[in-house]
1. Taking 7 Å along the Cα-to-C-beta vector as the label spot, tell me the ASP24-GLU59 distance in nanometres, rounded to one decimal.
2. Label points 7 Å out from Cα along the Cβ direction at VAL48 and GLN106: separation in nm?
3. Per 0.36 nm of contour for each residue apart, how much would the distance between ARG40 and GLU84 grow if the chain were fully extended, relative to their Cα-Cα spacing?
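Please treat every number below as a calculation from the coordinates, not as lab data. Bear in mind that the values here come from a model prediction, so they are computed numbers and not experimental data. Note: ideal-geometry Cβ built from the backbone for every residue, glycine included; neighbour counts use all protein chains shown.
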Amino acid sequence: MAHSAAAGPLGVLEPGCPIRVEHDRRRRQFSVRLNGCHDRAILLYEYVGKRIVDLQHTEVPDAYRGRGIAKHLAKAALDFVVEEDLRAHLTCWYVQKYVKENPLPQYLERLQP
């Protein structure tokens, strides 16, 4: 899944460089490589039941904040929950905020109280 993003100052996101969210199921994380492969933004999750994931933490390095990167991570994680027919617990405040701003039925119906 690739999403485009506006280029920021030199050295932050290269002009025309799309934001690509990668899913590492073994490490249970979604990530975006920033500025080559040295920096990463990540969203961590854990299985807390057979079909329940806890979207725990989103982290974007300070220099990359405010560029919509966490939004791509949150969307990818929630789309994974939908595609795999899972339930989600939202420990991460940013994912909670994302769902409030994007209250899509396919997300809302999969949330754990």
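1. With each label placed 7 Å out from Cα toward Cβ, I get 1.2 nm.
2. Taking the two extended label points, one gets 2.4 nm.
3. Separation in residues times 0.36 nm, less the Cα-Cα distance, equals 13.4 nm.
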